[in-house]
Amino acid sequence: MVLRGNTRTRFSVLAEYEPSTLSRVLELFSIRGQNCDSVSARKTEEGFQWIELDCSDVDDHGASVLLNKVRQIVTVKSARIETLVLRHQKLAA
């Protein structure tokens, strides 16, 4: 998989295994105009749903807002983000 941009932010979500959970999470990204480079969802052995979304070039504030909105979904048990720098940008002098 080739990711675009300079950073990659991964949103990891553990939620109840309900039919509407994935669509509710994706709707939050759509409302904010945020595309995802990769989305995966699977059922865990414990009967929960594990969702991972990889997005390019999400600013820290935007990622924080999305994370808080995801955490407000009733079926979500936990959510976290991890941002990786893929390329350093030169700062203007």
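The numbered conditions (1) touching a helix residue (DSSP H, G or I) at 6+ places or on another chain (Cβ under 8 Å); (2) over 22 Å from Glu16 (Cα atoms); (3) assigned to a strand (DSSP E or B); (4) not charged (D, E, K, R) are all true for Val58 except (3). Cβ separations smaller than 6 Å between residues 6+ apart or across chains give the following pairs from region 35-59 residues that are without any contact (Cβ under 8 Å) to a residue 40 or more places away in the chain and on the phi > 0 side of the Ramachandran plot to residues that are surrounded by fewer than 17 Cβ atoms within 10 Å (Cβ to Cβ) and outside any strand (DSSP E or B): Gly47/Tyr17.
Any idea how many residues of region 17-55 are under 10 Å from the mean Cα position of the chain (by Cα), part of a strand (DSSP E or B) and surrounded by 14 or more Cβ atoms within 10 Å (Cβ to Cβ)? Counting residues in region 17-55 that are under 10 Å from the mean Cα position of the chain (by Cα), part of a strand (DSSP E or B) and surrounded by 14 or more Cβ atoms within 10 Å (Cβ to Cβ) gives 6. Contact map, region 76-89: residues that are farther than 22 Å from Val13 by Cα paired with residues that are modelled with pLDDT under 90 and in a loop (DSSP other than H, G, I, E, B), Cβ distance under 8 Å, separation 6+ or inter-chain. Pairs shown: Leu86/Leu3; Leu86/Gly5; Leu86/Asn6; Arg87/Asn6; His88/Asn6; Gln89/Asn6.
Taking Leu14 as the residue in question, decide whether it is assigned to a strand (DSSP E or B) and either over 15 Å from Ile81 (Cβ atoms) or in contact with a Ser or Thr (Cβ under 7 Å, 6 or more places away or on another chain) (or both). Yes.
The values are calculated or read from the model by the stated rules, or taken from the named source; none is laboratory data. Since we're looking at a predicted model, the values are computed, not measured. Cβ sites come from the backbone with ideal geometry, for glycine too, and all protein chains shown count toward neighbours.
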